[in-house]
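Comments concern the structure below.
The values are calculated or read from the model by the stated rules, or taken from the named source; none is laboratory data. Bear in mind the structure is a predicted one, so any value in this text is a computation, not a measurement. Cβ atoms come from the backbone with ideal geometry, glycine included; neighbour counts cover every protein chain shown.
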Amino acid sequence: MLAGTGGAIEASAGLAFAAATTVGLLSVVSVLSSLYPAVTVGLAFVVPGERLGRIQWLAVGLVLVGVAAIAAG
């Protein structure tokens with residue numbers, strides 16, 4: 001069941017990326033789609049209770065600053 005859910009999420013992500021590249025700026029879409037490891041880190045922090053070190057927290061902060069810079073234009 002978990003593999004099926006993961007496959008469905010992956011398929012929807014691919015479709016969303018394809019739609020975003022036709023509607024939005026490819027430069028913004030490609031940069032934001034490359035942030036998927038940040039989602040993995042966030043889920044690892046929340047679901048199994050992983051703890052982040054100082055450098056990892058710094059990386060999370062830099063990702064958020066980058067996303068804000070991209071959103072600001």
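Within segment 17-33, the set of residues being under 21 Å from V63 (Cα atoms) and surrounded by fewer than 11 Cβ atoms within 10 Å (Cβ to Cβ) comprises L26, S27. For segment 43-64, the tally of residues that are surrounded by fewer than 13 Cβ atoms within 10 Å (Cβ to Cβ) and under 11 Å from the mean Cα position of the chain (by Cα) stands at 2.
The single residue among A16, A11 that is outside any loop (DSSP other than H, G, I, E, B), modelled with pLDDT of 80 or more, more than 14 Å from the chain's Cα centre (by Cα) and of a type in the set (A, V, I, L, M, F, W, C) turns out to be A11.
Contact annotation: no residue pair with Cβ atoms under 8 Å, 6 or more positions apart or on different chains, pairs a residue in segment 30-41 that is modelled with pLDDT of 75 or more with a partner that is of a type in the set (K, R). Scanning segment 19-60 for residues that are assigned to a helix (DSSP H, G or I), under 16 Å from A71 (Cβ atoms) and touching a helix residue (DSSP H, G or I) at 6+ places or on another chain (Cβ under 7 Å) returns A20, V28, V29, V31, L32, S33, A38. Only one of the numbered conditions (1) in a helix (DSSP H, G or I); (2) modelled with pLDDT of 80 or more; (3) of a type outside the set (F, W, Y) is not met by G6, and that is (2). Would you say E10 is of a type in the set (D, E, K, R) and surrounded by 11 or more Cβ atoms within 10 Å (Cβ to Cβ)? Considered against the rule, which asks whether it is of a type in the set (D, E, K, R) and surrounded by 11 or more Cβ atoms within 10 Å (Cβ to Cβ), E10 comes out as no.
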